[in-house]
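Below you'll find the structure, written out as structure tokens, and then a few comments.
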Amino acid sequence: MEKSLSGFCIIENTKAMIFAGHIIAGSFQFVLLKPPRSCQLGYVMRTATVDRNTKETRISASVGLDGTGTYDVRTGIGFIDHMLEQLSRHSLIDLSLRADGDLHIDFHHTTEDTGYAVGEAVSQALGDRAGIRRYGSAYIPMDETLTRVALDCSNRPYLVWKVAFSRPKLGEMDTELFKEWFQAFAQSAGLTLHVENLYGENNHHIVESCFKGLARALRQAIEIDPRQANAVPSTKGVLGGSL
Ligand SMILES: [Mn+2]
């Protein structure tokens, strides 16, 4: 077995198979995925669970980065549930989320804190970020709407949000809160995240295309690159801390 216990690493590499493992929080799990034609890729499932409790919200978030896009989401805000289900489904990140927040005040704390919790879980599951593709981008059309999302799993949190809504509310949800969710997610997941709605009229389409774009871009960026499965994709050699 491989001596290195940190990050993604090749532990055996033959003509027919590549086995690789990822150590998260000291535990080693090994799962074989369906093999592509000529080789089998074995990945340790990259998972993490985050419990985040404040006087405003109590949240438990679990993610599986090497999942199938299965989800079990209950935040008490129907629209956020709908968006996070899209995020899971289109990123193939398995997501289990429970949030119990101060919705009697408004949706602000619960929206923002679910972004922090899910982002933190993603960051923990990424570990030292070795082996990932790092960058991802997507154009997402929804009827009359088109949105572009580009991101870098840089661990240098930064959000560019060029998204305008023509209505203050979608159902009970304040549309201004969507930026808060993306800001929190970018911060805790350690993403440089650029989201731009290029055009669109329907506010539901506009925000949903942002979440789907995030999902698709994230799916690319967190995928293991078999050409450099044991390397941190940075000339600095690290993707962590304040760089
Ligand atoms: Mn929808």
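Pairs please, first residue from region 84-97 and in contact (Cβ under 8 Å) with a residue 40 or more places away in the chain and assigned by TED's automatic domain parsing to the domain that holds Leu126, second anywhere and within 16 Å of the ligand (Cβ to nearest atom) and among the acidic types (Asp, Glu), Cβ atoms under 8 Å, 6+ apart in sequence or on different chains.
Taking only residues 6 or more apart or on different chains, the pairs are Gln86/Glu208.
Collect the residues in region 155-176 that are surrounded by 13 or more Cβ atoms within 10 Å (Cβ to Cβ) and acidic (Asp, Glu), keeping them in residue-number order.
Matches in region 155-176: Asp174 only.
What number of residues within region 81-118 satisfy the criterion of being surrounded by 22 or more Cβ atoms within 10 Å (Cβ to Cβ), among the β-branched types (Val, Ile, Thr) and more than 15 Å from the chain's Cα centre (by Cα)?
Within region 81-118, residues that are surrounded by 22 or more Cβ atoms within 10 Å (Cβ to Cβ), among the β-branched types (Val, Ile, Thr) and more than 15 Å from the chain's Cα centre (by Cα) number 2.
Exactly one condition in (1) out of contact with any Asp or Glu (no Cβ under 6 Å at 6 or more places or on another chain); (2) without any contact (Cβ under 8 Å) to a residue 60 or more places away in the chain is not met by His109; state its number.
With (1) out of contact with any Asp or Glu (no Cβ under 6 Å at 6 or more places or on another chain); (2) without any contact (Cβ under 8 Å) to a residue 60 or more places away in the chain applied to His109, the lone miss is (1).
Is it true that Ala231 is farther than 24 Å from Arg167 by Cβ, within 11 Å of the chain's Cα centre (by Cα) and of a type in the set (Gly, Ala, Ser)?
No; evaluated as a whole, the condition is false for this residue.
Report yes if some residue within region 211-233 is modelled with pLDDT under 95 and of a type in the set (Gly, Ala, Ser); otherwise report no.
Yes; the residues of region 211-233 include at least one that is modelled with pLDDT under 95 and of a type in the set (Gly, Ala, Ser).
Among what's in region 77-98 and is closer than 22 Å to Leu170 by Cα and of a type in the set (Asp, Glu), pick the residue that is farthest from the ligand (Cβ to nearest atom).
Asp81
Name the residues in region 47-60 that are within 23 Å of Thr175 (Cα to Cα) and either within 17 Å of the chain's Cα centre (by Cα) or modelled with pLDDT under 95 (or both), would you?
Across region 47-60, the qualifying residue is only Ile59.
Yes or no: Glu112 within 19 Å of Gly67 (Cα to Cα) and either within 16 Å of the ligand (Cβ to nearest atom) or in the same structural domain as Phe182 (by TED's automatic domain parsing) (or both)?
Answer is no for this residue.
Contact list please: Cβ distance under 8 Å, first residue in region 168-183 and in the same structural domain as Cys210 (by TED's automatic domain parsing), second residue among the basic types (Lys, Arg), pairs at least six apart or on different chains.
Listed by first residue and then by second, the contacts come to Thr175/Arg167; Thr175/Lys169.
Please return the ranges of strands (runs of 3 or more DSSP E) entirely within region 126-243 where 2 or more residues are touching a helix residue (DSSP H, G or I) at 6+ places or on another chain (Cβ under 9 Å) and within 16 Å of the ligand (Cβ to nearest atom).
The qualifying strands (runs of 3 or more DSSP E) are 135-142, 145-152.
The values are calculated or read from the model by the stated rules, or taken from the named source; none is laboratory data. Keep in mind the model is a prediction, meaning the values are calculated, not measured. All Cβ positions, even for glycine, are placed from backbone atoms using ideal geometry, and neighbour counts span all protein chains on display.
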